[in-house]
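J.: Here you go, one structure.
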Amino acid sequence: MDFNVKRLAADAGTFLSRAVQFTEEKFGQAEKTELDAHLETLLVRAEATKQWTEKIMKQTEVLLQPNPNVRLEEFVYEKLEKKVPTRMNNHELLGQSMIDSGNECGPGTAYGNALIKCGETQKQIGGAERELIQSSAINFLTPFRNFLEGDFKTILKERKLLQVKRLDLDAAKTRLKKARMGDARAAAEQELRMTQSEFDRQAEITRLLLEGVSSTHAHHLRCLNDFVEAQVIYYAQCFQYMVNLQKQLGSFPSSFSNNNQSLSEAARISVPTIPVLASLPSSSTGGGSPTSGGFSELRSSSGSRSARVLYDYDAASSNELSLLADEVITVSCEPGIGSDWLMGERGSQKGIVPITYLELLN
């Protein structure tokens with residue numbers, strides 16, 4: 001019991017000494033041992049790394065899961081160490097709605113068949129998005145989180161201990177200045193040597209940990225490369241899925257244009273196919289293109305025909321021609337522009353236009 005009381009009194013005295021030293025430093029009444037410039041630079045660098053890592057993590061999480069309620073739910077499950085329930089993402093929900101609607105309209109009809117094909121593609125994109133999120137969480141977010149919750153917490157702990165050792169050192173310096181008698185001065189000098197040694201040792205430990213931030217940067221660079229690669233794969237998959245879908249849907253609008261006026265009006269309100277850029281290889285746009293009826297005759301001749309525009313179209317490049325619904329333009333077939341495109345003319349303006357936006361006139 002006596003030992004515990006003495007130890008408690010000693011700890012209280014040490015704490016009081018640090019508090020007095022810290023207060024006097026704040027009021028400019030005591031000298032403060034400054035850290036060397038290299039160590040200060042390392043501390044600033046580590047703090048900046050921590051702040052930017054937090055910001056990058058937060059924005060990446062928002063990118064991968066824009067819904068804040070879902071992010072909060074996933075965070076709670078993670079803290080409780082429970083498995084996050086599987087749910088359909090937005091693309092998958094849209095795809096399932098399209099498939100159900102297509103089956104209701106009738107898969108044998110053009111619109112029903114188109115809805116089903118679009119729904120299947122949306123679900124494929126949803127699956128690709130799920131793979132992107134999983135890959136990014138493992139290879140990008142987890143290493144960043146490990147740094148914040150592991151390495152940087154260790155740095156903070158040792159940095160706080162360094163601050164304590166510095167206060168003890170400066171308090172010992174103050175006591176040595178105030179010592180007058182021989183025995184008191186000798187004890188103060190002994191205490192100063194001990195606190196200086198402890199401070200130097202702690203400063204070295206902190207310095208080594210802070211210098212390890214450079215290896216953290218190298219590791220995070222590899223993680224960043226993995227994240228970019230996952231995005232490349234995701235966007236390439238989405239592009240290929242949409243190109244394949246366009247090939248499948250390419251014949252639907254043109255088949256309406258060869259029927260009577262009521263079917264043309266029905267085609268006007270259906271969703272037009274998204275034209276692939278003219279710069280893509282012909283293999284990307286050649287399959288499944290609408291070449292029946294008047295378009296086939298136009299391609300077999302060297303003349304030109306008048307065509308009515310079914311939908312508004314904004315040119316995606318300088319060699320394309322923007323279109324307005326219901327206007328009439330002149331179209332002709334020229335070699336090398338792809339089977340889904342024609343050369344269109346409107347007065348002095350000229351450029352390629354997508355077949356699926358046109359209805360040939362007699």
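J.: May I ask for the net charge around Ile125, where only other residues with Cβ less than 14 Å from the Cβ of Ile125 are counted and Lys, Arg are +1 while Asp, Glu are -1?
T.: -1
J.: With each pseudo-label sitting 7 Å past Cα toward Cβ, what's the Gln163-Thr142 distance in nm, one decimal?
T.: Spacing of the two 7 Å Cα→Cβ label points: 3.4 nm.
J.: At a Cα cut-off below 29 Å, give the lysines reachable from Lys165, other chains included and same-chain residues fewer than 8 away excluded.
T.: Lys6, Lys26, Lys32, Lys50, Lys153, Lys157, Lys173, Lys177, Lys178
J.: So, in nm, how far is label Glu31 from label Gln96 when the simple model puts each one 7 Å beyond its Cα toward the Cβ?
T.: Taking the simple label geometry, Glu31 and Gln96 are separated by 7.3 nm.
J.: With no solvent and one equal point scatterer per Cα, compute the Debye intensity ratio I(q)/I(0) for segment 21-245 at 0.07, 0.11, 0.16, 0.17 Å⁻¹ and report its log10, rounded to two decimals.
T.: Here log10 of I(q) over I(0) equals -0.45, -0.76, -1.11, -1.18.
J.: Where Lys and Arg each count +1 and Asp and Glu each count -1, what net charge lies around Phe147 among other residues with Cβ under 11 Å from its Cβ?
T.: Here the charged neighbours net out to 0.
Rule-based calculations on the coordinates, nothing more; no lab input. Treat the numbers as computed from the prediction; the structure is a model and nothing was measured. Using ideal geometry, Cβ is built from the backbone for each residue, glycine included, and neighbour counts are taken over all protein chains shown.
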